[in-house]
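So the structure is just underneath, and the comments pick up after that.
The values are calculated or read from the model by the stated rules, or taken from the named source; none is laboratory data. The model shown is predicted, which means the values in this text are computed figures rather than measured ones. Here Cβ is always computed from backbone atoms with ideal geometry, including for glycine, and neighbour counts include all displayed protein chains. SASA here: full protein model, heavy atoms, side chains in, ligands and nucleic acids out. Shrake-Rupley method; radii C 1.70, N 1.55, O 1.52, S 1.80 Å.
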Amino acid sequence: MAARLPPGAVGRRVLCGGQFATVRYVGSVPPTAGIWLGVEWDDPQRGKHDGTYEGTQYFKCRHPRGGSFIRPNKANFGVDFLTAVKDRYGLNDEQDVQHGAQDTLVVGKKTVEFVGMDSITEQQRQLNRLVDISVRGCAVSHAGPTEEISRTCTNVRHIDVSKNLVSSWETVTAIASQVQNLETLDVSENKITFPSTSTSGSSIFSKLRILALYQTEITWTEVLLCAPGWPVLEELYLMSNNITVLERPDNVLQTLKLLDLSDNQLLDGDQLHLIAHLPRLEHLLLRNTGISSIHFPDVGFGCKTKMFPSLKRLVISDNKISQWASINELDKLPSLRLLLCHNNPFADTEKNPETLRQLIIAKIGQLEVLNKSEILPAERKGAELDYRKIFGNDWLAAGGNSNPDKNKPSEEFLAAHPRYPSLCLKYGAPEEGELKGRQPLTLKNQLLTLTIKCPEKPEQKPVEKKLPESMTIQRVKGLLYRLLKIPGSELKLSYESSKLEGKEVELDNDLKPLQFYSIENGDCVLVRW
């Protein structure tokens, strides 16, 4: 008995032997008898040809060996949404609740929990009480009978239909149109055909706040065509798609707070200017997008750009940024507080990771978190003082002067060190004594002469010690344990600078070296327990 094919089979998504494919052809393949399906596999290694058999091309594939012919009875065309829900949650009449576990949908860093198979059996048996539904990987291909979902799933707010057989945006809207209060939707890992003309601002997605479209082959143009239907969208996840060119989102996406464009190969950093005026955008993820530079040409050195006015968190890891100028530009972002920038070529200019971190901190004045590590006030101060000192001679050579009337550093210097003038205002211009040429880095020159004091134990006389500037706080505590006969774990260390009287800085990270805190000869280490 011949298998019945669903109407409009060409373009539909199917499962065969656990592998996903798209139907590209339905018909005969002489000299064999019967109907065949020509499919293009998601995994091209699964195929045998490009749609050509015995010299006749029946369909086309993007990969020369991405296609196969299979019999219709080997293809699973999927089930409707509600059937998948009932199967997934053990709510079909012939099924008992036998499985356990709780499913979660992870969008960005947020985790939405879905009702598991053994959580509150009564709730499972009442579809209209379900708030969160996950049918990930359940072969959903279509919405099913009209209004059936709305009659049975009256309280649903969060839906995960990722990694299914959904082949068109119309299927997504057919499901969503029956869910009145839909707030979160994940349709990732479905190869979807999107509208080629603008969608009207209908009320289908009127309450949708979070939308995940990973690996759906959507383009930015298609995003903008669908966007009028997302009037209150706050988070949009577009990782691993066909997005290479951006366009200005006029009158759409204006409520967006988070945008993830990671793993899309953007043509260049100038593409970012086209999305730079999204008024509420706070979090932008650009990991592995191929960008090599970032710049905001609307303002000069030391000014704040009008681009990305609300941007607080930026991820640019795994890119091709090779020049420090791009890091300088990030100081122009008025709201930037968090930056992830691992694995970019500019980092190769500094072998010491601590020095690299200090340079970035000094260059971006408003930053509070760098590469997932909080920037404490003492660290910022140390980084900025070191930066001011290290580049002081360059500043003088470029026309810098402690006399404000004579202070005219060159444009070239300001381009390389745009924050230097503000650091001079903050801490004062570097004095000549600070900028004497550094002696060769012999062991002797790396030793710091420090005074060790116990302010709460006046009977304990101060001790003078020579310590390597590379010595970690943990090792300093070990030394003091032997010197003062006190358990190192109970010690609390701080220091007073000989140049900043009355100011005490905590040595609060056991893994950092003394040089990290900008301790100098003559400073006093204070020991408490």
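Of all residues in region 360-378, which are out of contact with any helix residue (DSSP H, G or I) (no Cβ under 7 Å at 6 or more places or on another chain) and within 19 Å of Asn509 (Cα to Cα)? Within region 360-378, Glu368, Val369, Asn371, Lys372, Ser373, Glu374, Leu376, Pro377 meet the criteria.
Go through the residues of region 145-163 one by one and say whether even a single one is within 23 Å of Leu259 (Cα to Cα), hydrophobic (A, V, I, L, M, F, W, C) and open to solvent by less than 40 Å² (accessible area, probe 1.4 Å). So that I can check it myself, show each step before the final result.
At the first step, the residues of region 145-163 found to be within 23 Å of Leu259 (Cα to Cα) are 157-163.
Going one step further and asking which of them are hydrophobic (A, V, I, L, M, F, W, C), we end up with 159, 161.
With open to solvent by less than 40 Å² (accessible area, probe 1.4 Å) added as a condition, the list becomes 159, 161.
So far as region 145-163 goes, yes, one or more of its residues are within 23 Å of Leu259 (Cα to Cα), hydrophobic (A, V, I, L, M, F, W, C) and open to solvent by less than 40 Å² (accessible area, probe 1.4 Å).
For Thr32, the conditions (1) among the polar types (S, T, N, Q); (2) within 21 Å of Glu217 (Cα to Cα); (3) open to solvent by less than 80 Å² (accessible area, probe 1.4 Å); (4) modelled with pLDDT under 95 all hold with the exception of (2). Leu336 passes every criterion in (1) under 16 Å from the mean Cα position of the chain (by Cα); (2) farther than 22 Å from Tyr420 by Cα apart from (2). Of the residues making up region 503-529, those that are assigned to a loop (DSSP other than H, G, I, E, B), more than 40 Å from the chain's Cα centre (by Cα) and not charged (D, E, K, R) number 3. Among the residues of region 126-144, those identified as more than 21 Å from Arg12 (Cβ to Cβ), within 31 Å of the chain's Cα centre (by Cα) and surrounded by fewer than 20 Cβ atoms within 10 Å (Cβ to Cβ) are Val131, Asp132. When region 177-201 is filtered for residues that are out of contact with any helix residue (DSSP H, G or I) (no Cβ under 6 Å at 6 or more places or on another chain) and either farther than 24 Å from Cys138 by Cβ or free of Cβ contacts under 8 Å to residues at least 12 places away in the same chain (or both), the ones remaining, listed by number, are Ser196, Thr197, Ser200. Pro345 meets the stated requirement of being farther than 26 Å from Leu256 by Cβ and out of contact with any strand residue (DSSP E or B) (no Cβ under 9 Å at 6 or more places or on another chain). Within region 51-63, not a single residue is closer than 30 Å to Thr146 by Cα, outside any helix (DSSP H, G or I) and modelled with pLDDT of 95 or more.
One residue is enough: does region 318-338 have a residue meeting the conditions over 18 Å from Ala362 (Cα atoms), open to solvent by less than 50 Å² (accessible area, probe 1.4 Å) and part of a loop (DSSP other than H, G, I, E, B)? Yes: one or more hits. Selection over region 264-301 of residues that are closer than 21 Å to Tyr237 by Cβ, in a loop (DSSP other than H, G, I, E, B) and open to solvent by less than 40 Å² (accessible area, probe 1.4 Å) gives a count of 9.
Say we look at region 382-396 and pick out the residues that are among the charged types (D, E, K, R) and modelled with pLDDT under 90; which of these is farthest from Gly365 (Cα to Cα)? Break it down into steps so the answer makes sense when it comes.
Narrowing region 382-396 to residues among the charged types (D, E, K, R): 384, 386, 388-389, 394.
Within this subset, residues satisfying the condition of being modelled with pLDDT under 90 are 386, 389.
On the way: Asp386: 14, Lys389: 17 Å.
Across region 382-396, the extreme among qualifying residues is Lys389.
Please verify whether region 93-108 includes one or more residues that are part of a strand (DSSP E or B), among the hydroxyl-bearing types (Ser, Thr, Tyr), open to solvent by 30 Å² or more (accessible area, probe 1.4 Å) and modelled with pLDDT of 95 or more. Checked region 93-108: no residue is part of a strand (DSSP E or B), among the hydroxyl-bearing types (Ser, Thr, Tyr), open to solvent by 30 Å² or more (accessible area, probe 1.4 Å) and modelled with pLDDT of 95 or more.
Only one entry of Leu480, Leu500, Leu493 meets the criterion of being in a helix (DSSP H, G or I) and open to solvent by less than 80 Å² (accessible area, probe 1.4 Å), and that entry is Leu480. Of the residues Tyr25, Tyr53, which single one is farther than 25 Å from Lys163 by Cα and among the aromatic types (Phe, Trp, Tyr)? When all the criteria are applied, what remains is Tyr53.
Restricting region 20-40 to residues that are part of a strand (DSSP E or B) and not hydrophobic (A, V, I, L, M, F, W, C), which is farthest from the chain's Cα centre (by Cα)? Break it down into steps so the answer makes sense when it comes.
Going residue by residue through region 20-40, those that are part of a strand (DSSP E or B) are 20-27, 36-40.
Still in the list and also not hydrophobic (A, V, I, L, M, F, W, C): 22, 24-25, 27, 38, 40.
Numbers: Thr22: 31, Arg24: 36, Tyr25: 39, Gly27: 46, Gly38: 38, Glu40: 32 Å.
Among residues in region 20-40 that are part of a strand (DSSP E or B) and not hydrophobic (A, V, I, L, M, F, W, C), the one farthest from the chain's Cα centre (by Cα) is Gly27.
Checking Leu441, Leu514, Leu425, Leu507 one by one, the residue that is at pLDDT 85 or above, under 30 Å from Trp395 (Cβ atoms) and exposed (fewer than 13 other Cβ atoms within 10 Å of the Cβ) is Leu425 and no other.
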